[in-house]
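> My questions will all concern the structure given below.
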Amino acid sequence: MSTQTLFRLGALATLTTALLLAVGNLMYFTGAHSTPAFVWISIIESMVRVFVVTVVYAAQARRGGVIALLGYTILMIGLLLYLVYSEGRLALAVGFISQAQADQLPQFPALALLDPLATWATALGTVIFGLGVFRAGVFSRWAGAMLVVVGMTTVVEIRAVEYLWAALSVLAWAWIGWALWTGQAASAEGAAAATA
């Protein structure tokens, strides 16, 4: 697979992530966050974002340095922990198991511990990854700055801040996806490789 093909697939995945975040945020703000559809959208968005973060990291690996690698690693851990936690949420949302059954399962309380771990790892990873995007300059520095703010506001549960998080997360990933689609990331990385 060529780099251009990888970036094109990454662009589609990144734009899909932005779209799924927008739909999920609309469902969350309208009170549909406990429905199976919301849980499925969250799971699919997180699975796609695993690929997205990998492609974005690959596009800026040379210029991102240790900061981008550290952000990538922590963000991936957070996303994977979230996917494991979402298994239990999905089982409850679709009625596969009842809350009474979940309370009797010995592993369910341990599964509940994954939620704060996943949230904090995702928040910290997004901040550091955003700093890597900002520092590398392969993508717009504004997109990197937005990711930093998204990471910092991930753990704040104030409605106005949640609106800010929703808007910035969709905008940042859409901006990065558009840069991948138009080839801006490949041309910036190619120019960096030529000067190195």
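Readers should treat all values here as calculations from the given coordinates under stated rules, not as data from a laboratory. Keep in mind that what you see is a predicted model, and the values were worked out from it rather than measured. Reconstructed Cβ throughout: ideal geometry from the backbone, glycine too, with neighbour counts over all protein chains shown.
> What is the distance in Å between the Cα centroid of the range 35-95 and that of the range 115-192?
Rounded to whole Å, the Cα centres lie 13 Å apart.
> Less than 15 Å from a label point 7 Å out along the Cα-to-Cβ axis of His33: which backbone N atoms in the range 120-141 qualify, by residue?
Zone members listed by number: 120.
> Could you put Glu87, Glu45 in order, starting from the residue whose Cβ has the fewest other Cβ atoms within 10 Å? Don't jump to the answer; show the numbers that get you there.
Working: Glu87 12, Glu45 21.
By the 10 Å Cβ count, ascending: Glu87, Glu45.
> Specify which labelled value, from [x] 50, 43, 33; [y] 62, 33, 31; [z] 44, 39, 30, agrees with Cα extents along the principal axes in Å derived from the coordinates of the model shown.
[y]
> Using just the helices of the chain, give the 222 nm mean residue ellipticity in deg cm²/dmol: DSSP H runs with n ≥ 4 each add -39,500 (n - 2.57), and the total is spread over all residues, rounded to 500. Write out the running numbers ahead of the final one.
On the way: 7 runs with 169 residues, N = 196.
Computed ellipticity for the chain at 222 nm equals -30500 deg cm²/dmol.
> Turning to a different aspect of this structure: Treating the beta-carbon of each Lys and Arg as +1 and of each Asp and Glu as -1, no other charges, what is the dipole magnitude of the chain about its Cα centre, to the nearest 20 debye?
Working: 8 positive and 7 negative charges, 121 e Å.
The dipole magnitude comes to about 580 debye.
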